[in-house]
Amino acid sequence: MKNLNINRLFWTLFLSVFAIISLSSCRDDSSDDSKAGPPVIEKITGSLDGEGKPVDLTPITQAQANNTVIIHGSGFKTLQHVYFNGTESAFNPNFVTDNVIVVNINESTPYANASNKLKLVTAFGEVVYDFTVAPPSPEISSYNSINAQAGETFKIYGKYFLNPEVKVGTATATIVSSTLTEIVATMPANANDKYVSVTTISGTSTAAQAVGSALYDDEIQGDAGHWTWSGTPIVTDFADDTFQGKKAMKIAFGGWDGADFKFNSRNVSQYKAFRIRVKSTVDNSSASLKMVFGGWAFQIVKPVTTGWTYIEIPFSEIGNPTTFDQITFQESGNFGGNTLLIDDMGFVLK
């Protein structure tokens, strides 16, 4: 009943505002339709917000697909078709007057390599108007190499990369190539410990990992040796299931088996925590992973699931190290062993 009342209030507000807009822009509709000409578009505005508050009548030049807009002008009474970028959007005749059209942009409307035109067709003609259907805000799913150095190329994976701009911190990265789902760019100078961001006409998305912060990013960074206690090989280029980039590590542990990783010593005073993504291939409530730091001085056990589990361990819990050169993993589920996937291993910037 509560949801019904909220929906009823929303549509009451919507129809009220629609009526106000229609009346405020009302013109003499008594003219002879036989003398009517093509429709005229004066402006486009946004519709009601998510709380049902009155619409902002400030003109807009773009909107995302599946959003509602209000078209203002004249000659709309015999409206037959509404097209955005050549794709028709259905309209409710009850939300059309001679001066106002309320229409929801078809969610399938293309935004890449599009005309950026709105076309209205009435019984007395048509009009074409400049209007951009924007993609959703960009989304970064991953990028690599996270440790790319100045002048090296790196790839950004995600969605909605329409005419993107890439920045690392405040520096602009040169784009080598781009599609809607992948960008190849060149890392600018002084990029370490900066965040990568992608900006389009629809907004900005920032990657979760800082440049230079990886211990594993499709390959072990600064590898000084890695092995399992049982001698089972560690797969470092597992491509069937990943979280970051295109590869992950796969380790088949026996019961209470372990794996040692040694790295070239690096200064980590600019970081505040160790991070890792772990995924269990066994669906068991006791599945867990022990992580050992500081030559067994600090032992931390975390549960893992069959989904990618994010683990972040503050440096305050492992002795506040200023350098880092090793970590040990031990399967500690106590049910005969487990195969774990490991990805996105590195550090969290302060």
Has the range 27-38 got any residue that is open to solvent by 20 Å² or more (accessible area, probe 1.4 Å) and modelled with pLDDT of 90 or more? yes
Return the residues of the range 117-138 that are within 30 Å of the chain's Cα centre (by Cα) and open to solvent by less than 30 Å² (accessible area, probe 1.4 Å); say none if nothing qualifies. Leu118, Phe131, Val133, Ala134, Pro135, Pro138
Taking Glu331 and the conditions (1) at pLDDT 95 or above; (2) open to solvent by less than 10 Å² (accessible area, probe 1.4 Å), which numbered condition does it fall short on, given that it satisfies the others? (1)
From the list Thr199, Thr236, which one is closer than 23 Å to Glu165 by Cβ, of a type outside the set (D, E, K, R), at pLDDT 95 or above and open to solvent by less than 70 Å² (accessible area, probe 1.4 Å)? Thr199
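The rows are residues; the columns are (1) of a type outside the set (Ser, Thr, Tyr); (2) over 16 Å from Gln209 (Cβ atoms); (3) touching a Cys at 6+ places or on another chain (Cβ under 9 Å).
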{"residue": "Thr232", "(1), (2), (3)": "no, yes, no"}
{"residue": "Val235", "(1), (2), (3)": "yes, yes, no"}
{"residue": "Ala239", "(1), (2), (3)": "yes, yes, no"}
{"residue": "Thr242", "(1), (2), (3)": "no, no, no"}
{"residue": "Lys250", "(1), (2), (3)": "yes, yes, no"}
{"residue": "Gly255", "(1), (2), (3)": "yes, yes, no"}
{"residue": "Gly258", "(1), (2), (3)": "yes, yes, no"}
{"residue": "Arg266", "(1), (2), (3)": "yes, no, no"}
{"residue": "Lys272", "(1), (2), (3)": "yes, no, no"}
Show the residue pairs meeting these rules: Cβ distance below 7 Å; 6+ apart or different chains; first residue within the range 188-215 and on the phi > 0 side of the Ramachandran plot; second residue open to solvent by 20 Å² or more (accessible area, probe 1.4 Å) and of a type in the set (Asp, Glu). Gly212/Asp193
Among residues of the range 250-262, those that are in contact with a Phe, Trp or Tyr (Cβ under 6 Å, 6 or more places away or on another chain) and surrounded by 20 or more Cβ atoms within 10 Å (Cβ to Cβ), counted: 2
Restricting to the range 145-183, name every residue that is assigned to a strand (DSSP E or B) and open to solvent by less than 30 Å² (accessible area, probe 1.4 Å). Phe154, Ile156, Tyr157, Gly158, Val166, Val168, Ala173, Ile183
Say we look at the range 290-310 and pick out the residues that are among the β-branched types (Val, Ile, Thr) and surrounded by fewer than 16 Cβ atoms within 10 Å (Cβ to Cβ); which of these is nearest to Trp256 (Cα to Cα)? Val301
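Can you work out which of the residues in the range 94-116 that are among the small types (Gly, Ala, Ser) and under 21 Å from the mean Cα position of the chain (by Cα) is surrounded by the fewest Cβ atoms within 10 Å (Cβ to Cβ)?
This residue is Ser108.
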Take Ser213 and tell me if it is open to solvent by less than 70 Å² (accessible area, probe 1.4 Å) and within 22 Å of Ala239 (Cα to Cα). yes
Out of all the residues in the range 242-269, which are in contact with a Ser or Thr (Cβ under 9 Å, 6 or more places away or on another chain) and in a loop (DSSP other than H, G, I, E, B)? Thr242, Phe243, Gln244, Gly245, Lys246, Lys247, Trp256, Asp257, Val268, Ser269
Give the range 311-324 a look and list any residue that's open to solvent by less than 70 Å² (accessible area, probe 1.4 Å) and part of a strand (DSSP E or B), or say none. Ile311, Ile313, Pro314, Phe324
Applying the selection to the range 263-289, what residues are among the basic types (Lys, Arg) and open to solvent by 70 Å² or more (accessible area, probe 1.4 Å)? Lys272
Would you mention how many residues in the range 272-288 are farther than 21 Å from Asp218 by Cα and assigned to a strand (DSSP E or B)? 2
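The values are calculated or read from the model by the stated rules, or taken from the named source; none is laboratory data. Predicted model only: the values in this text are computed from it and were never measured. Note that each Cβ is placed from the backbone with ideal geometry, even for glycine, and that neighbours are counted across all protein chains shown. Side chains are part of the model used for accessible areas, which takes the heavy atoms of the whole protein and leaves out ligands, DNA and RNA. Shrake-Rupley method; radii C 1.70, N 1.55, O 1.52, S 1.80 Å.
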